[in-house]
2 protein chains.
Amino acid sequence: MKEQNISERLLDVATKRFATTGYNGTSLSAIATEVGIKKPSLLYHYRSKEKLRSAVLNRVFEHWNDELPRILKLATSGEDRFDGLVGEVVRFFVRDPNRARLILREMLDRPAHLRKRMDDYLGPYISILSDYIQKGVERGEVRADVQPRAYVLHVIQMVVGGIATADSLGASSIDLHMNEIVRIARSSLFIDQHRTQELQTK
Amino acid sequence: MKEQNISERLLDVATKRFATTGYNGTSLSAIATEVGIKKPSLLYHYRSKEKLRSAVLNRVFEHWNDELPRILKLATSGEDRFDGLVGEVVRFFVRDPNRARLILREMLDRPAHLRKRMDDYLGPYISILSDYIQKGVERGEVRADVQPRAYVLHVIQMVVGGIATADSLGASSIDLHMNEIVRIARSSLFIDQHRTQELQTK
DNA sequence: CCTACCGATCGGTAGG
DNA sequence: CCTACCGATCGGTAGG
């Protein structure tokens, strides 16, 4: 688990540095030095800084692509599994907040470029989730005025943004903040069944 | 309205550039050239790049500080005025999305530094809003499980993040997305009175 | 507000 | 994987 070849170690360090100090704020020599080699040796593994950037981003999106199918299987039915689903997404980014920072930075640095990548990797999953929501509306479980696609995007964004910028907010307890995000997401999606039932049995 | 001194024009251009290409991705000569002067002349107005950065951030926060008291007067009571309040915050950032991008970038680049600024400028207002929410809970208008401070922070973050990264998401219609954000914020805060009343009158 | 200039560092190449 | 080196550009200063 600890033995990695140099290409992978370069990718790890580059991910961390790009996430924390940004692409423009990170020099190739800084990355190389942290791995224990010199800049020209780095450029043998990745032929340019841009290639390194692409490699870093590709790996993050592939991680995502590996985990999302598994996560989405949790979401075959209604409210019960919703917390599990959002919880998994939260855990994915909490496990390594640099993933969130990296994506947020890329959104700011190269909007068009990232939009394409998001469409390719996440597009299908977002459509699946939107369909689930639409079915929930038809079943009467989900609020009728939800905009499915916008809802999904903003929940993802709340999670990614919340984790990426947790240090800037007074995020004393990450868990408390993530719980509140899940609560916001859930209660703005579902019609409140408990309350309905309480009142109906009166 | 069009006549500005050079210091102000430098501030405008620096704000735009820092927001779109980042602090590290913007050179002083690029800013100076766009204003029509040379780099050493810029450095007469702002003695270093860091001073320019501070000046840019100060102005954004002061804008905010000027408008927030007025906006908050809209929020003296419950659900009716909630949409107006969130709507004003949305409009503030939609009017100039670079404000949102700048703050998001600073959160990523210098978390500790921005946290202090946020506390100083926004801290009191966040406390006021948290108190409103707490009173709403006591009145039975607001969900009892809301975490007031976390709720406020994440709604702000959803707005700022959503506007800053609108280009990256498929934000075909900004209005649709902002409406969905307001809907998410409102419906996750208030107990659904309409539904309650409908059922009670049955 | 300018020209002229500084040392430092950048991404990248040559060549082994 | 290295040393040595490239032109370009960076933030900043001198001096007027």
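The values are calculated or read from the model by the stated rules, or taken from the named source; none is laboratory data. These figures come from a predicted structure and were not determined experimentally. Cβ sites come from the backbone with ideal geometry, for glycine too, and all protein chains shown count toward neighbours. Each accessible area value is taken on the protein alone, full model and side chains, heavy atoms only, with ligands, DNA and RNA left out. Shrake-Rupley method; radii C 1.70, N 1.55, O 1.52, S 1.80 Å.
Answer yes if at least one residue in the stretch A:127-142 is facing chain B (nearest Cβ under 8 Å) and either touching a residue at least 40 places away in the same chain (Cβ under 8 Å) or not small (Gly, Ala, Ser) (or both), and no otherwise. Show your work before the answer.
To start, the set of residues in the stretch A:127-142 that are facing chain B (nearest Cβ under 8 Å) comprises none.
No, because not a single residue in the stretch A:127-142 is facing chain B (nearest Cβ under 8 Å) and either touching a residue at least 40 places away in the same chain (Cβ under 8 Å) or not small (Gly, Ala, Ser) (or both).
Determine if the stretch A:93-100 includes at least one residue that is within 17 Å of A:His63 (Cα to Cα) and of a type in the set (Lys, Arg). Walk me through it before giving the result.
So the first thing to find is which residues in the stretch A:93-100 are within 17 Å of A:His63 (Cα to Cα), and the list is A:93-100.
Applying the additional criterion that residues be of a type in the set (Lys, Arg) yields A:95, A:99.
Looking through the stretch A:93-100, at least one residue is within 17 Å of A:His63 (Cα to Cα) and of a type in the set (Lys, Arg).
Condition check ((1) in contact with a Pro (Cβ under 8 Å, 6 or more places away or on another chain); (2) β-branched (Val, Ile, Thr); (3) under 13 Å from B:Ile103 (Cα atoms)) across all residues:
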| residue | (1), (2), (3) |
| --- | --- |
| B:Phe18 | no, no, yes |
| B:Gly22 | no, no, yes |
| B:Thr33 | no, yes, no |
| B:Gly36 | no, no, no |
| B:Val56 | no, yes, yes |
| B:Val60 | no, yes, yes |
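Given the condition among the acidic types (Asp, Glu), over 30 Å from A:Leu108 (Cα atoms) and part of a helix (DSSP H, G or I), answer yes or no: does some residue in the stretch B:126-139 qualify? Talk me through it step by step, then tell me what you get.
Quick first cut of the stretch B:126-139, residues among the acidic types (Asp, Glu) only: B:131, B:138.
Applying the additional criterion that residues be over 30 Å from A:Leu108 (Cα atoms) yields B:131, B:138.
If we keep only those that are part of a helix (DSSP H, G or I) as well, we get B:131, B:138.
Yes - at least one qualifying residue is present in the stretch B:126-139.
Report whether or not B:Ala100 is part of a helix (DSSP H, G or I), more than 14 Å from chain A (Cβ to nearest Cβ), at pLDDT 90 or above and surrounded by 14 or more Cβ atoms within 10 Å (Cβ to Cβ). Walk me through how you get there before you give the answer.
Details: part of a helix (DSSP H, G or I): yes; more than 14 Å from chain A (Cβ to nearest Cβ): no; at pLDDT 90 or above: yes; surrounded by 14 or more Cβ atoms within 10 Å (Cβ to Cβ): yes.
It is false that B:Ala100 is part of a helix (DSSP H, G or I), more than 14 Å from chain A (Cβ to nearest Cβ), at pLDDT 90 or above and surrounded by 14 or more Cβ atoms within 10 Å (Cβ to Cβ).
Taking A:Ala112 as the residue in question, decide whether it is surrounded by fewer than 17 Cβ atoms within 10 Å (Cβ to Cβ) and either in the same structural domain as A:Thr15 (by TED's automatic domain parsing) or in a loop (DSSP other than H, G, I, E, B) (or both).
On the way: surrounded by fewer than 17 Cβ atoms within 10 Å (Cβ to Cβ): yes; either in the same structural domain as A:Thr15 (by TED's automatic domain parsing) or in a loop (DSSP other than H, G, I, E, B) (or both): no.
When the stated conditions are applied, A:Ala112 does not pass them.
Out of the residues in the stretch B:22-42 meeting the condition of being open to solvent by 60 Å² or more (accessible area, probe 1.4 Å) and assigned to a helix (DSSP H, G or I), tell me which one is nearest to DNA strand C (Cβ to nearest atom).
Restricting attention to the stretch B:22-42, the residues satisfying the condition of being open to solvent by 60 Å² or more (accessible area, probe 1.4 Å) are B:24, B:33-34, B:36, B:38-40.
The next check asks that each one be assigned to a helix (DSSP H, G or I); those that pass are B:33-34, B:39-40.
On the way: B:Thr33: 9, B:Glu34: 12, B:Lys39: 7, B:Pro40: 3 Å.
Ranking the candidates gives B:Pro40 first.
Looking at the stretch A:143-186, which of the residues that are among the small types (Gly, Ala, Ser) and touching a residue at least 12 places away in the same chain (Cβ under 8 Å) is farthest from A:Leu108 (Cα to Cα)? Can you show your working first?
In the first step, residues of the stretch A:143-186 are kept if they are among the small types (Gly, Ala, Ser); the result is A:144, A:150, A:161-162, A:164, A:166, A:168, A:170-173, A:185.
Next cut, touching a residue at least 12 places away in the same chain (Cβ under 8 Å) only: A:161-162, A:164, A:166, A:185.
Working: A:Gly161: 12, A:Gly162: 16, A:Ala164: 13, A:Ala166: 18, A:Ala185: 24 Å.
Filtering the stretch A:143-186 for residues that are among the small types (Gly, Ala, Ser) and touching a residue at least 12 places away in the same chain (Cβ under 8 Å), the one farthest from A:Leu108 (Cα to Cα) comes out as A:Ala185.
Condition first: open to solvent by less than 30 Å² (accessible area, probe 1.4 Å) and either within 14 Å of chain B (Cβ to nearest Cβ) or near DNA strand C (Cβ under 8 Å from one of its atoms) (or both). Now tell me which residues in the stretch A:1-21 satisfy that.
A:Phe18, A:Ala19
I need the full set of residues from the stretch A:158-182 which are at the interface with chain B (Cβ under 7 Å from one of its Cβ atoms) and buried (at least 20 other Cβ atoms within 10 Å of the Cβ), in order please.
Hits for the stretch A:158-182 are A:Met158, A:Gly161, A:Gly162, A:Ala164, A:Thr165, A:Ser168, A:Leu169, A:His177, A:Glu180, A:Ile181.
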